[in-house]
Each structure stands twice: as C-alpha cells, then as structure tokens.
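Each remark here refers to the structure printed beneath this line.
The values are calculated or read from the model by the stated rules, or taken from the named source; none is laboratory data. The model shown is predicted, which means the values in this text are computed figures rather than measured ones. A quick note on method: Cβ atoms are made from the backbone with ideal geometry, for glycine too, and the neighbour counts reach across all protein chains shown.
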Amino acid sequence: MPNQSLEPHEQVVVLFSGGQDSTTCLYWAKERFEAVTALFIHYGQRHAVEADQAREIARQAEVLLVEQALDLSQLWATNSLTQSELPLEASPAGSLQPPATFVPGRNLLFLALAAILARRLNAQHIVGGMSQSDYSGYPDCRRDFIEAAEQTLRLGFAFDFMIHTPLMLLDKAQTWLLADQLGCLDVVRDLSHTCYAGDRTTRHPWGYGCGVCDACRLRAKGWEVAFGAA
Ligand code: ZN
C-alpha cells in the first residue's frame, strides 16, 4: 500500500492487465519493493473477466488496485482486441504488418498513465510486462521503445522514473519458470486470464481458456516447454 513515509525508490506502479505476464510482474515487483500499486486500465477490452481476474489477483497478492477507465473507442475503432466483430488471427507468417491484436499507441499511453499515478504516489518505479521475445510484431514491446519512453517520462515529468520490464528477453516458457521461482505459479496458472475468447470455464494444465486462440496456444506451448505436456 502507498505510504507517505516511504522513499520514491521503495515504491512501484505495475501496469496490470490480469494476464499471465503482468501477474508475474506483479509478484516480481512485490519481491523488490516496499509498496506495490497495480494499475488496471479499462480501455474497452472485449471481456469483463479480465477486470474480474485482475481484482481477484490483486486481492490475493495484497496490493492496491487502481482502475482507470479510458474511452478511446473512436481512436481505436479498427482493433480486434477492442472491437468484437473483428477476427483475432495473427498476421500471416512473414508479414511486416503488426498483428490484428496490436493496439496502436497503447503502451506509450499506458506508460504515461502509470507515470501520472506513480508521480502522485511519489513512486519512482514503473513495471510493465512487455516482451520482445514471443510477439515481436508489437513495436511498442521492444527494448529500444521502452528506453526511449523512460527518457521521455523523465524529461516530461522532471522526475527520475525507472521503467522495469522483467520479461523483456523471456519467452513464455521462461515466464512460467519465473512465476515458479517467485512462488506465484498457482496464482498465475489459476487466476490470470489470457484467452482472447474470454473463456474461463475450460480448465487445462496451464489454466483456463478456449485452448485454440493465439493467446491460449502461446500460453499452453510455454507451459509445455517449461513443465512438459500433461
Ligand atoms: Zn483462448
């Protein structure tokens, strides 16, 4: 919980979606910082389950959850994560286009929002689950972008922000192994939500999901590489 007596370097804001990556990041942050605040942004996700799972994980992790609604429906009108009639397929192999699930500008915007909250809490640190390993079709998940964003926030706020991306060089299997090391494997497996179809009824060794969407397949494949097939 935020505490006025803590120093900026002891406090952190985690960009938190309730998914596998950011849940692992939440526990990574808990191990390193005195006060962890999770920021969940409602940006028109297809499914309410993401927010439900985020609340449950924050409760179990005993961290403060800040939820902020952001209506950018007019700007993000053609993206498949926020528009339910669009298909969710990945880009064809070899395509130079980002996948249909790419939400342009999302991470830049989310990092700015995290910085606004962090500044108010007097927290120096921001954690995000960006990774350039598995889904390299997302330009705003790459390390050079994150470094540039950190510099931008420092200049724009005149505050010594540090952005941490503990998953940057990890693939999904390594992210599962990190959750295991952090002692949060059960929480990540059972409570984090990744499935693009919003399925929380079908149980697999790697958690709940439809099992066939791109997000489920990536999550399942990572689990199998990390711990073997069921
Ligand atoms: Zn799925």
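In table form, for the structure just shown:
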{"read-out": "Selection count, the stretch 215-230, where residues are buried (at least 17 other Cβ atoms within 10 Å of the Cβ) and either in a loop (DSSP other than H, G, I, E, B) or more than 11 Å from the ligand (Cβ to nearest atom) (or both)", "value": "3"}
{"read-out": "Subset tally (residues that are touching a strand residue (DSSP E or B) at 6+ places or on another chain (Cβ under 9 Å), of a type outside the set (A, V, I, L, M, F, W, C) and part of a helix (DSSP H, G or I)) for the stretch 13-26", "value": "2"}
{"read-out": "Scan of the stretch 45-86 for residues that are outside any loop (DSSP other than H, G, I, E, B), at pLDDT below 95 and in contact with a Leu (Cβ under 9 Å, 6 or more places away or on another chain), ordered by number", "value": "none"}
{"read-out": "Residues of the stretch 167-214 classified as hydrophobic (A, V, I, L, M, F, W, C), free of Cβ contacts under 8 Å to residues at least 40 places away in the same chain, near the ligand (Cβ under 10 Å from one of its atoms) and surrounded by 17 or more Cβ atoms within 10 Å (Cβ to Cβ), total", "value": "2"}
{"read-out": "Unique residue being part of a loop (DSSP other than H, G, I, E, B) and either touching a Leu at 6+ places or on another chain (Cβ under 7 Å) or not charged (D, E, K, R) (or both) when the list is LEU170, LEU117", "value": "LEU170"}
